[in-house]
Amino acid sequence: MLHIYCPHCCEYREEEEFHCKGQAHIARPLDPDNCSEQEWANFIFFRKNTKGQHQELWHHSAGCGKFFNVSRNTITYKIEQSYLLGTAPQPVLDVNKEGKA
């Protein structure tokens, strides 16, 4: 089981308290009423399916009820960091087997 750090509660909680809501940092179209059907479809349906580091929006549904972002490796499932909405993730160093960056 994963233990996920909630930046609002400032503590690690069990994975079952959270729900992943998809890719983070998706910008809503500035003028949705005047978007083409293709632009609107791209916003609603199409997301990156990144192999490796990926930023996701999570909801602490059984806790504080707030949203935050998580930077997670989709290969290892390891959560590298949790951070508040409106902030950018910190760079994550890729460390090889010898422990060198």
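The values are calculated or read from the model by the stated rules, or taken from the named source; none is laboratory data. Predicted, not measured: the structure shown is a model, and the values here were computed from it. With ideal geometry, Cβ positions are generated from the backbone for all residues, glycine too; neighbour counts draw on all protein chains shown.
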**OP:** Look through the stretch 53-70, keep the residues that are among the polar types (S, T, N, Q) and closer than 12 Å to Ile4 by Cβ, and return whichever of them is nearest to the chain's Cα centre (by Cα).
**Re:** Asn69
Subject >> Among (1) of a type in the set (Ser, Thr, Tyr); (2) modelled with pLDDT of 90 or more; (3) within 13 Å of the chain's Cα centre (by Cα) - the single one Thr50 does not satisfy >> reply: (2)
